[in-house]
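The values are calculated or read from the model by the stated rules, or taken from the named source; none is laboratory data. Just so you know, these numbers come straight off a predicted model, no measurement behind them. For neighbour counting, all protein chains shown are included, and Cβ atoms are generated from backbone atoms with ideal geometry for every residue, glycine included.
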Amino acid sequence: MKFNCAKTDLLEAVSAVQRAVSNKNIFTVLEGILITTADGNIVLRGNDMEKGIEYTIEGNIEENGSVIVNSRIFGDIARKMPAENNITVITDQNYNVKIDSGSIHMDIKGMDPEGFPAIPEVDKENSIEIDQEFFREMIRQVIFSVGNDDSKPIFKGALMESKENSLNMVSLDGYRMSIRRESLLGTKEGMNVVVPGRALSEVMRLLKNDDDKVNIYYENSQILFDLGNCKLVSNLLQGEYLNYRSIYQSQKFDTEIVIDREKIMEGIDRAMIVITGDNKSPVSMVIENDEMTVNSKTEIGTVTEKISLEKTGLDLRIAFNPKFLLDVFKSINDERIKISFAGSDGPCVIEPVNGEEFLYVVLPVRTS
Amino acid sequence: MMMNRIVILDENTSNQIAAGEVIERPASIVKEMVENSIDAGACNISIEITKGGISLIRVSDDGSGIYADDVEMAFERHGTSKIRKADDLKTVATMGFRGEALPSIASVSRLEMDTRTQEAESGVKIKVTGGDIVSKVTSNRQPGTTITVRDLFYNVPARYKFLKNDQTETRYCTDIVTRIALAHPEISFTYSANKTEILRTPGDKSLQSAIYCAYGREIMSNLFPVDYRDSLCRITGYTGNRFAARGNRQNQTILVNGRYIKDATITKAVEKAYETEIMKGKFPFYVLNLEIDAGQVDVNVHPAKTEVRFQRGNEIFNSFYSAVRAAIDTSRGITPAEAGAAKIRRTEPAREEPVVVKSTFFDNETKKIERKPMPAEVHEALVNARRQFYDGAADVNSNFLEVSEEYKVVKETSGMGHIRVLENARIAGVLFNTFILLEYTDEEMLVIDQHAAHERITYEGLLKKRKERNMDSQKLMVPIRVRLDRKDAVLVEENRSMIEGLGFDFDLLGPDEAVIRALPVEIFGENVGEVFLGLVDSLEGSGKQDADIIEKEAIYQMACKNSVKANTALSDIEINALLSQLKGLENPYTCPHGRPVILTLTRRGLEKIFKRIV
Ligand SMILES: Nc1ncnc2c1ncn2[C@@H]1O[C@H](COP(=O)(O)OP(=O)(O)OP(=O)(O)O)[C@@H](O)[C@H]1O
Ligand SMILES: [Mg+2]
């Protein structure tokens, strides 16, 4: 194999596929990146057996072939070569790899590409198309509440479902839940898959902030995110996701407030000043008339702050894990938000005042 | 004043005294009666209790029955059909032999026996109240025996007073029935308490089935068989891997020729065999049966027959050690330890989500992957190093302060005041990411076990919080289901208010399953099911102690989960924070389980070690 390409292209490709290279040290070919040339393109692949990333770049190909190179070493080479020169990669039958850039010359050992596990093909029958920017925003707004508990593996992924002309993404970690809806006219109904959180964060990193499209193809056990020059395939989590609507739909909300998002976010942030290290104290809120008193108290000290709001319904005293609130306030952009409470023991729903795109449910902490 | 003349006690009085030795509580009666049924060759035994056995115990069997003429004899002191002369004791193969149990039971309760032999035309029913036979009539019972014991200790208030509450007594009964069922897989046992069936074994001769019935499905994949023989004895049964290990010795059953006993030598031998296999503080699961010539073992050591004496105790130790070691070694070849299995051991996702995550991705290729475990030598060395430290220190602790001339364990009573001036000490370094070294004065250095210190800090913090109020409790969106042993379910219910005070909110879904709806914020991020089960273990382990101690133990369990694991590198700032926290503690000197937190070593001591001075 022999090709030549821009250093910046190669670096971008290597950095992308490295996100799907195992660093668990279990099986040497999985610590490698597969480089292949075909149809005038240079293709890099990484595969950690949970997900695979394939990145295609352009270059001059003199001789087709393929080789596996160690991900860390090859990554460092791509990173440290001078930006202004092109990089030439040449391999021989024994998988020795020569890398040249201007007056710099390196030789490393490669491996037989035979052993590299193939990234599975995903059937193109079921698909969804969405703007990269929108999709990125969707992931950002749910990724933080993806679970991380091995005893509840299905919650280590986010649910993606399409129905009634919208695409919904849902994540929950046992204490709180985020739901993001994006209306997509003409979307095919019936998508209902659970994508591992780790794959989604990688997709989020790869997505660009522009109106290029991402095509999503899915079948029973795999999903493909096709971003054009870059593709990510992930396995899907198997099993029934929770009937998530039941958590908030049957509730009776006795108190409803509308409040300035930044004010409450900053208030919670300040209340957290005295909650340090592994202290897990909750932050309490007293809602009375048109005011909320945010309070936290630990050995270090106390913080009290009053924030004005509009209230309908009953007065209330409630407490939360402050992180659960901060996370959601950070993830939405709206200026005013609506919070509905079902007593001091029931689920609490947080949503923007306008629109139906986002909904967050969090359970309180019972204090005595 | 009455003269103190010597008299021979009347029979009833002497029976009551004997009862004091044999009959401690309902569970002892259950044991004696079930053993009688076994001796009678029964294939099916059913046991029923109400109110912890205090108001009723009924044992029915389809065994030999008793001849109508002998019925009264069964209630005579030393009336037995099992041995004839003292010599027979040496070879006794039945469970009973003393002829003491029935008269003892009868003397402290209202008893009714209905029995018929195979040959007899009809049965005979006899009522005995406080040891006196009050009636004897014919009955139409099928061959076999039913004995019903009511109102235990109705005539001995002093003993009645010592009974525990119903649930606790039920738990003791359940325990003994379970053990006997494990000892006799060839007999089908049915056991119910307050009309709820708690245990039913098939009697299909398979120990595996009996274990399954007693402990549930989960345990089965974590067991390996033991089958060992030497010139002295044979040892068979099952022993658990590290995922089956628990925080107490509750799940250890030793059987000697089919008799459930407790024996320190055997317990020690098995644990020795497990030494590097399971974590310190965890105890292996096992059911092991020793078959040995009856002449080699004396069962007549204690009236309750729960202890035995071996003629060749040392060899028994070696046999058990070898038997279990061999089983562990063999198992290693077949079942590779699966990381993660422990986590889902008995914690299942809530009902709403029947989930099994299978990686269907790249199916064919996954076969090629081989795990590289930590080399055995390295692992062993690590484990040993830590153990030696703890064991050494623990010994030291029991000898009180003066360990050796070289180093001392700093204790509360030592009045050395080290703690108050900790911040003046210079951090000299950290060893193995575990031990903090402080130069304290020109003449003295301190060694602090970082893990023990942190455990102590967390523990006292939690304790303090708990004293002030109930713990804060995070509600769960998706409840967590936890499998419990039936015994544990009772225990959990008994201690409900304590557990709720710690911040758990739970319900029992059935006799062996709990659902957790809220958890203490302190264990946030931990595996909730595991912490809950750890708490259950500590309840079990604390036994009869008072509520305060049980709660402290439970809080300690939570503290352990919450503490920095040993081997976490700490920065100087973190070390300083740890030291100033230590300073604020009530007792910074020992971790809640009594291991020392701080050692001191003097310059003189060091000089001695290096033989600069003598
Ligand atoms: N369920 C039973 N079926 C048949 N016979 C029984 C049964 N229970 C008791 N017996 C008879 O009653 C006798 C007395 O029982 P008891 O339990 O008092 O003494 P033991 O079993 O001989 O000795 P130990 O005091 O050690 O238990 C037994 O020897 C046996 O003959
Ligand atoms: Mg007996």
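Could you say whether any residue in region A:221-232 is of a type in the set (D, E, K, R), more than 18 Å from A:Leu167 (Cβ to Cβ), part of a loop (DSSP other than H, G, I, E, B) and not assigned by TED's automatic domain parsing to the domain that holds A:Glu58? Please lay out each step first, then the result.
Of all residues in region A:221-232, those of a type in the set (D, E, K, R) come to A:226, A:231.
In the following step, the residues that additionally are more than 18 Å from A:Leu167 (Cβ to Cβ) were identified as A:231.
Within this subset, residues satisfying the condition of being part of a loop (DSSP other than H, G, I, E, B) are none.
Within region A:221-232, not a single residue is of a type in the set (D, E, K, R), more than 18 Å from A:Leu167 (Cβ to Cβ), part of a loop (DSSP other than H, G, I, E, B) and not assigned by TED's automatic domain parsing to the domain that holds A:Glu58.
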Out of (1) within 22 Å of the chain's Cα centre (by Cα); (2) more than 10 Å from every other protein chain (Cβ to nearest Cβ), the one A:Asp260 does not meet is (1)
How many residues does region B:45-80 contain that are touching a Lys or Arg at 6+ places or on another chain (Cβ under 6 Å) and within 14 Å of B:Phe189 (Cβ to Cβ)? 1
Note on region B:267-300: residues of a type in the set (Ser, Thr, Tyr) and within 11 Å of B:Asn241 (Cα to Cα) are B:Tyr274, B:Tyr286
Counting only strands (runs of 3 or more DSSP E) wholly inside region B:248-331, the ones holding at least 1 residues that are free of Cβ contacts under 8 Å to residues at least 40 places away in the same chain are B:252-256
All but one of (1) in contact with a strand residue (DSSP E or B) (Cβ under 9 Å, 6 or more places away or on another chain); (2) within 13 Å of chain A (Cβ to nearest Cβ); (3) at pLDDT 75 or above hold for B:Leu570, so report the exception by its number. (3)
Does A:Ser284 satisfy the condition of being more than 16 Å from A:Asp254 (Cβ to Cβ), polar (S, T, N, Q) and in contact with a strand residue (DSSP E or B) (Cβ under 7 Å, 6 or more places away or on another chain)? yes
Report whether or not B:Thr174 is modelled with pLDDT of 90 or more, under 21 Å from the mean Cα position of the chain (by Cα) and farther than 21 Å from B:Glu291 by Cβ. yes
Within region A:93-106, the residues that are farther than 21 Å from A:Asn64 by Cβ and without any contact (Cβ under 8 Å) to a residue 12 or more places away in the chain are A:Ser103, A:His105
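In region A:142-160, how many residues are within 14 Å of another protein chain (Cβ to nearest Cβ) and either crowded, with 24+ Cβ neighbours inside 10 Å or of a type in the set (Phe, Trp, Tyr) (or both)? Before you say what the answer is, go through the steps one by one.
Pass one, region A:142-160, residues within 14 Å of another protein chain (Cβ to nearest Cβ): A:145-157, A:159.
So of that shortlist, the ones also either crowded, with 24+ Cβ neighbours inside 10 Å or of a type in the set (Phe, Trp, Tyr) (or both) come out as A:145, A:152, A:155, A:157.
So the answer is 4.
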Could you grab me the full set of residues in region B:41-59 that are buried (at least 21 other Cβ atoms within 10 Å of the Cβ) and either within 14 Å of another protein chain (Cβ to nearest Cβ) or within 16 Å of ligand 2 (Cβ to nearest atom) (or both)? B:Ala42, B:Ile45, B:Ile47, B:Ile57, B:Val59
Taking the options A:Ser178, A:Ser166, A:Ser183, A:Ser201, name whichever one is among the polar types (S, T, N, Q) and either surrounded by 23 or more Cβ atoms within 10 Å (Cβ to Cβ) or touching a Phe, Trp or Tyr at 6+ places or on another chain (Cβ under 6 Å) (or both). A:Ser178
Criterion (within 11 Å of ligand 1 (Cβ to nearest atom) and modelled with pLDDT of 90 or more) met by exactly one of B:Arg77, B:Arg110, B:Arg58, B:Arg116: B:Arg116
Kindly indicate whether any position in region B:142-150 is away from ligand 1 (no atom under 12 Å from the Cβ) and farther than 21 Å from B:Ile23 by Cα. yes
Which ones in region A:324-368 are free of Cβ contacts under 8 Å to residues at least 12 places away in the same chain and within 18 Å of A:Pro282 (Cα to Cα)? A:Ser368
Quick check, is A:Ile247 modelled with pLDDT under 95, closer than 25 Å to B:Leu519 by Cα and away from chain B (no Cβ under 14 Å)? no
Just to be sure, is A:Arg198 within 30 Å of A:Thr37 (Cβ to Cβ), under 12 Å from the mean Cα position of the chain (by Cα) and touching a residue at least 24 places away in the same chain (Cβ under 8 Å)? yes
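Taking B:Val297, is it away from every other protein chain (no Cβ under 14 Å) and more than 16 Å from ligand 1 (Cβ to nearest atom)?
Working: away from every other protein chain (no Cβ under 14 Å): yes; more than 16 Å from ligand 1 (Cβ to nearest atom): no.
No; evaluated as a whole, the condition is false for this residue.
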Conditions (1) over 30 Å from A:Arg19 (Cα atoms); (2) modelled with pLDDT under 95; (3) away from chain B (no Cβ under 14 Å): number failed by A:Leu207: (1)
Residue match in region A:84-97 (condition: under 31 Å from the mean Cα position of the chain (by Cα), among the aliphatic types (A, V, I, L, M) and not assigned by TED's automatic domain parsing to the domain that holds A:Leu200): no
